[in-house]
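The values are calculated or read from the model by the stated rules, or taken from the named source; none is laboratory data. Remember, predicted model here, so these are calculated numbers, not experimental data. Here the Cβ positions follow ideal geometry from the backbone for every residue, glycine too, while neighbour counts run over all protein chains shown.
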Amino acid sequence: MASYDDDDDECGYFYDDGDAEEDGVVPLEDDAPPPERRADYWAITQESLSAAQKQDLSTVMNLLNIKQHQARALLTHHRWRMDCICDCFDRKGEDRMLRDAGIVLQENNSLAAGGSTAPMRSVTCNVCFEDFSLSFISTMDCGHCFCNDCWTEHFYASINSGKKQIRCMEVKCSVICDEGIVRCLLGWKYPDTAKRFDHFLLQSYLEDNDSVKWCPSTPHCGCAIRVGAGERYCEVECLCGFGFCFNCAAQAHSPCPCTIWEKWSVKSRGESENIKWILNNTKSCPKCFKPIEKNGGCNLVRCKCGQCMCWLCGGAAGLEHTRRSIAGHSCNRYKEDASGKALDASRQQMQRYKHYCDRFKIHGDSYNVEKENLGPAVQERARQLDSNLARPFTMRDGDWLTRAHRRLLVSRQVLSRSYAFAYYMFGGEVRTRPQERARLAVARNLFEDQQEQLERHVEHLSKVLAADVPALPEAEIMRAKQDAATLVKTVETLCGELYKCIQDELLTLLVDPMSIAAYWPDGPDRAKEFVA
């Protein structure tokens, strides 16, 4: 663990509070500025899925005074996004908006009304060309009518082909069929298909909805998460405790954008151990630059291309050698490389990857240790502080330990993922605009300075939390509390600045724009259970 010198603080973040100076303690949260309002996230279980869907349907039905199947068709057309519906309504008007979604409002259709005031008459079905009385005819909102048998077979075939929205049978008619009629007619002849249709309608709320996604936990917990409009780039924690990125459904990965995180994950799974083995067990041929593995004791190695090399230094050599040395070659004396000769590009790239991969893994391993081992220890120390009634109240409050521990874990994850981002951002793996090279160099220096400062303060916070606080004298406990409070606010500020640097200074330089979830000191928001 890195050492820390209180008198040598290069971070530049200091916090001053009048009341805190009197007590000798900087509070962790009480005097902090109130955070911005965070979005509401809802966890929907299988039991509440139907109620959640009906809630959205009722909102649109009441807003536009339309039927349930029409509201469903409109919401499905706009991926269940109310903001898109409102925007479309403002731009196109109600009639055009509904027509584009396959909805026709038919208020004065005698057939649709059942023809109760009209004398009984027969209607010819244009599919089977048989005549039927009105009681055997069904009419959709568009006014097209066919016999119930033809409608039933049409519904049956559509559902078996996987369609969730069934359109009218009339040629070139795109109006969505009334789901009540579909359910009723199928129920007489194909009850299992009717149930399957209801299942399709329910599943469409998840599969066709940009605001709802299944929790990607393994094994699956059975919950889906619903977020507010405009909350695509966010991270949320399910009721099961799994935190994930709502945009890509991968495990929470900010401050690394989704595209870069996917690249890093694929590379880590496929290449990490292989590259480490190559770097540790091979050397590059000085002629063809391909990696060579030594399979014997002799340090004169010959590549497949015919070039001989000295395994000790990697330099080119001749074929002849004596029992003591390689003819014409000596490398026991250290010599400065004045030629400026660089390693071959492939090996440089491997070493560069190992640099970022090692740091990504080291902080990830530290996170696991601090969560699994330090976490229970911190909880026990907080309990011991709370239960010691012989000490003053300010000394018994152990919540500062658990809050500081949460900040430590989040900051550790930020550090780990920042190395995955840096590998691709600064290695030419993502395209930046050529005219922004100067800005990229400046932004990179800012990013790496903030990353270095965050690393130093996170290590110090880990050291403070590792101490057996309840066993310390009272003065030392107050000192540890003061140090933790200062460090927590410092790492929060540095994490926030690191996120800002990535979003505002670095990602804006890319040819293909990217975005990241906002930083929150406690990590992803926990979803609230949806109650019908």
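For the range 57-73, a residue qualifies if it is touching a Lys or Arg at 6+ places or on another chain (Cβ under 9 Å) and under 16 Å from residue 164 (Cβ atoms), and the qualifying residues are 57, 68.
Residue 367: surrounded by fewer than 21 Cβ atoms within 10 Å (Cβ to Cβ) and modelled with pLDDT of 95 or more, yes or no? So residue 367 passes the test.
Among residues belonging to the range 381-412 that are within 28 Å of residue 520 (Cα to Cα) and of a type in the set (S, T, N, Q), point out the one that is surrounded by the most Cβ atoms within 10 Å (Cβ to Cβ). Here the residue is 411. Listed conditions (1) out of contact with any helix residue (DSSP H, G or I) (no Cβ under 8 Å at 6 or more places or on another chain); (2) more than 30 Å from residue 495 (Cα to Cα) are all met by residue 244, apart from (2).
One line per residue, one yes/no per condition, for (1) part of a strand (DSSP E or B); (2) modelled with pLDDT of 90 or more; (3) surrounded by fewer than 18 Cβ atoms within 10 Å (Cβ to Cβ); (4) more than 26 Å from the chain's Cα centre (by Cα):
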| site | (1), (2), (3), (4) |
| --- | --- |
| 55 | no, yes, yes, yes |
| 69 | no, yes, no, yes |
| 110 | no, no, yes, yes |
| 120 | no, no, yes, yes |
| 135 | no, no, yes, yes |
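The single residue among 475, 466 that is within 34 Å of the chain's Cα centre (by Cα) and modelled with pLDDT under 95 turns out to be 466. When only residues in the range 447-461 that are buried (at least 21 other Cβ atoms within 10 Å of the Cβ) and either among the polar types (S, T, N, Q) or under 23 Å from the mean Cα position of the chain (by Cα) (or both) count, which is farthest from residue 407 (Cα to Cα)? It comes out as 447. Screening 521, 513 for residues that are free of Cβ contacts under 8 Å to residues at least 60 places away in the same chain and either farther than 28 Å from residue 394 by Cα or outside any helix (DSSP H, G or I) (or both) leaves exactly one candidate, 513.
Taken over the range 364-376, the criterion of being more than 20 Å from residue 492 (Cβ to Cβ) and without any contact (Cβ under 8 Å) to a residue 40 or more places away in the chain is satisfied by 365, 368, 369, 372, 373, 376. Listed by first and then second residue, the pairs linking a residue in the range 388-400 that is without any contact (Cβ under 8 Å) to a residue 12 or more places away in the chain to a residue that is acidic (Asp, Glu) and in a helix (DSSP H, G or I), with Cβ atoms under 6 Å apart and 6 or more places separating them unless they lie on different chains, are 396/386.
Of the helices (runs of 4 or more DSSP H) that lie entirely inside the range 138-210, those containing 1 or more residues that are among the polar types (S, T, N, Q) and within 41 Å of the chain's Cα centre (by Cα) span 148-160, 191-207.
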